[in-house]
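S.K.: Quick one: the structure is below, questions incoming.
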Amino acid sequence: MQAIKKLDYAQPSLEGAIRIPGDKSVSHRSIMFGAIAEGTTTVEGFLQSDDCLSTIDCFQKLGVEIAIDGDKVKISSNGISNWKEPNEVLYTGNSGTTTRLMLGILAGSSGSSVLIGDESIQNRPMRRVTEPLKQMGAKLIGRENGQFTPIAVEGTNLQAIHYKMPVASAQVKSAILLAALNANGETVVEEIETSRDHTEKMLQHFGASIAVNDKTIRLQGGQKLKATHVVIPGDISSAAFFLVAGAIVPNSNLTLTNVGLNPTRTGIMDVLQAMGASFTVNDSENSSHEEMGTIEIQSSALIGTEIGGELIPRLIDEIPIIALLATQAKGKTIIKNAEELKVKETNRIDAVVNELKKLGANITATDDGMIIEGPTTLHGGDLLTYGDHRIGMMAAMASLITTEAVTIDNPGCIAVSYPTFFEDISSVIK
């Protein structure tokens with residue numbers, strides 16, 4: 001039986017500073033690229049979450065030496081050609097990033113392996129990755145012709161492809177680019193909309209030559225990566241929950257430091273600005289090809305807005321907390337073109353609408369998003385997380401403005417991306 005957490009914050013104000021933990025996407029990639037590269041890669045700011053630890057576990061089973069010391073990690077590798085063939089299944093836990101990117105990496109390796117995840121992963125679509133990889137010559141066998149894990153991978157020689165992305169997905173793009181490193185010829189990927197570009201930036205940081213022209217990416221196969229030092233910024237997807245809390249909890253003033261400000265991830269800032277939130281961004285710097293800085297945000301009156309189109313890939317993971325934000329904005333907020341929410345850890349359109357309705361929100365699901373009317377006073381209730389960390393964090397943040405207590409099932413699911421989440425909430429409650 002899963003634990004249940006009761007949250008009764010009695011409508012507090014929030015004040016203080018929070019150092020945002022390391023970016024999950026960049027943490028995953030730092031391990032992957034360090035394992036592919038020859039030499040010793042050092043990482044600081046690593047996110048010790050369940051998802052990222054799943055990535056480390058997979059590479060340790062491939063014979064890569066990885067040592068963890070708090071948020072510092074040392075990866076010692078002789079390169080992908082010297083990995084050992086694992087004698088056990090590679091378990092990716094709840095991590096879609098680990099599963100999909102590992103498929104691309106392993107497709108061009110020299111050994112055979114099997115990838116499997118938890119119940120959620122076993123129901124998430126993989127054909128969007130396995131299909132282009134098979135076009136490159138990858139040998140993959142999985143349920144329903146590679147649609148679902150478990151998936152067996154037999155490493156082989158790959159050929160470059162020219163691939164036009166049918167969906168905006170950083171995971172699909174990254175899997176192809178990682179496979180392209182070990183493919184013969186130049187691989188070209190054309191995006192339908194620009195998705196987060198951490199893979200492209202990290203390829204450059206590890207010494208690869210990659211050409212990015214608008215939505216077209218070119219990568220020549222046969223390049224070897226060089227070990228380096230990686231500094232990981234804070235995860236803006238995690239910061240988003242405190243940005244929204246700072247905007248909607250009355251009499252609040254929060255400072256968030258170490259926030260990643262990669263332009264492909266800052267859609268939440270555009271939404272806050274469009275809704276009239278009061279915030280400033282400063283101390284911007286660049287490290288390991290990634291921008292970071294400090295954000296200060298205060299509670300303020302908000303107005304509804306429309307969110308869709310090319311903005312969606314820049315905030316897809318933040319939509320659950322944006323929906324909560326919209327319940328406190330005056331007027332109508334429309335979220336559209338977000339069909340991708342249906343194939344996340346859970347169907348996030350249905351999950352968000354169902355749970356916020358329990359609190360009294362005026363919210364309606366659509367085929368590709370939702371419509372929210374506000375502002376609405378939210379009452380308490382018993383909420384489900386669906387085992388989805390972002391639904392769990394949304395529910396917890398809602399409890400800061402409800403008139404009665406909120407209970408959430410399975411609060412432990414939040415650890416896949418933000419292990420210190422509840423401690424950080426407690427640290428700024430006044």
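S.K.: Can you give me the number of residues within the stretch 2-56 that are assigned to a loop (DSSP other than H, G, I, E, B) and among the small types (Gly, Ala, Ser)?
M.R.: 6
S.K.: Can you find, within the stretch 3-50, the residue that is farthest from Ser120 (Cα to Cα) among those that are at pLDDT below 95 and charged (D, E, K, R)?
M.R.: Asp8
S.K.: Determine whether the stretch 58-73 contains at least one residue that is outside any loop (DSSP other than H, G, I, E, B), of a type in the set (Lys, Arg) and either at negative phi or crowded, with 21+ Cβ neighbours inside 10 Å (or both).
M.R.: yes
S.K.: Taking the stretch 265-280, which residues are part of a strand (DSSP E or B) and either out of contact with any helix residue (DSSP H, G or I) (no Cβ under 7 Å at 6 or more places or on another chain) or acidic (Asp, Glu) (or both)?
M.R.: Within the stretch 265-280, Ser278, Thr280 meet the criteria.
S.K.: Counting only residues that are modelled with pLDDT of 90 or more and of a type in the set (Asp, Glu), which one in the stretch 333-358 is surrounded by the most Cβ atoms within 10 Å (Cβ to Cβ)?
M.R.: By that ranking, first place goes to Glu355.
S.K.: Go through (1) buried (at least 21 other Cβ atoms within 10 Å of the Cβ); (2) under 21 Å from Glu193 (Cβ atoms); (3) modelled with pLDDT of 95 or more one by one and return the number of the condition Ala274 breaks.
M.R.: (1)
S.K.: Right, something else. For residues in the stretch 113-137 being at pLDDT below 95, outside any loop (DSSP other than H, G, I, E, B) and of a type in the set (S, T, N, Q), which is nearest to Val343 (Cα to Cα)?
M.R.: Checking each candidate, the answer is Asn123.
S.K.: Looking at Glu318, Glu296, Glu310 in this structure, which one is among the acidic types (Asp, Glu), surrounded by fewer than 18 Cβ atoms within 10 Å (Cβ to Cβ) and within 28 Å of Gly104 (Cβ to Cβ)?
M.R.: Residue meeting the stated conditions: Glu310.
S.K.: Can you find even one residue in the stretch 395-414 that is modelled with pLDDT of 95 or more, surrounded by 24 or more Cβ atoms within 10 Å (Cβ to Cβ) and among the polar types (S, T, N, Q)?
M.R.: yes
S.K.: If you don't mind, another one. Can you name the number of the only condition in (1) in a helix (DSSP H, G or I); (2) touching a residue at least 24 places away in the same chain (Cβ under 8 Å); (3) within 28 Å of Gly412 (Cα to Cα) that Ile105 fails?
M.R.: With respect to (1) in a helix (DSSP H, G or I); (2) touching a residue at least 24 places away in the same chain (Cβ under 8 Å); (3) within 28 Å of Gly412 (Cα to Cα), Ile105 is out only on (3).
S.K.: I'd like the full set of residues that are crowded, with 24+ Cβ neighbours inside 10 Å, without any contact (Cβ under 8 Å) to a residue 60 or more places away in the chain and not in a helix (DSSP H, G or I), limited to the stretch 171-210.
M.R.: The answer is Thr187, and nothing else.
S.K.: Now for a different question. Out of the residues in the stretch 415-430 meeting the condition of being of a type in the set (A, V, I, L, M) and at pLDDT 95 or above, tell me which one is surrounded by the fewest Cβ atoms within 10 Å (Cβ to Cβ).
M.R.: Let us first name the residues in the stretch 415-430 that are of a type in the set (A, V, I, L, M), namely 415-416, 425, 428-429.
Of the ones still in play, those that are also at pLDDT 95 or above are 425, 428-429.
Details: Ile425: 22, Val428: 21, Ile429: 15.
My answer is Ile429.
S.K.: Now a separate question. Among the candidates Ile316, Ile307, Ile334, Ile295, single out the residue that is under 18 Å from the mean Cα position of the chain (by Cα), of a type in the set (A, V, I, L, M, F, W, C) and closer than 24 Å to Arg196 by Cα. Write out each step before concluding.
M.R.: Numbers: Ile307 fails: under 18 Å from the mean Cα position of the chain (by Cα); Ile334 fails: under 18 Å from the mean Cα position of the chain (by Cα); Ile295 fails: under 18 Å from the mean Cα position of the chain (by Cα).
Being under 18 Å from the mean Cα position of the chain (by Cα), of a type in the set (A, V, I, L, M, F, W, C) and closer than 24 Å to Arg196 by Cα holds for just one of Ile316, Ile307, Ile334, Ile295, which is Ile316.
S.K.: OK, next. Filtering the stretch 379-394 down to residues that are out of contact with any Phe, Trp or Tyr (no Cβ under 8 Å at 6 or more places or on another chain) and buried (at least 24 other Cβ atoms within 10 Å of the Cβ), which residue is farthest from Lys342 (Cα to Cα)?
M.R.: Step by step, filter the stretch 379-394, then rank; the result is Leu383.
S.K.: What about Asn286, is it closer than 23 Å to Asp23 by Cα, surrounded by fewer than 22 Cβ atoms within 10 Å (Cβ to Cβ), modelled with pLDDT under 95 and not charged (D, E, K, R)? Step through it out loud before you land on a result.
M.R.: Working: closer than 23 Å to Asp23 by Cα: yes; surrounded by fewer than 22 Cβ atoms within 10 Å (Cβ to Cβ): yes; modelled with pLDDT under 95: yes; not charged (D, E, K, R): yes.
So Asn286 fits the description; yes.
S.K.: For the stretch 150-170, how many residues meet the condition of being crowded, with 23+ Cβ neighbours inside 10 Å and without any contact (Cβ under 8 Å) to a residue 60 or more places away in the chain?
M.R.: 2
S.K.: Then there's this: On the basis of being surrounded by fewer than 16 Cβ atoms within 10 Å (Cβ to Cβ), among the small types (Gly, Ala, Ser) and either closer than 17 Å to Ser169 by Cβ or touching a residue at least 40 places away in the same chain (Cβ under 8 Å) (or both), does Gly374 make the cut?
M.R.: In short, no.
The values are calculated or read from the model by the stated rules, or taken from the named source; none is laboratory data. Since the structure is predicted, the reported quantities are computational estimates derived from the model, not experimental observations. Quick reminder, even Gly has a Cβ in these numbers, built from the backbone with ideal geometry, and neighbours come from all protein chains shown.
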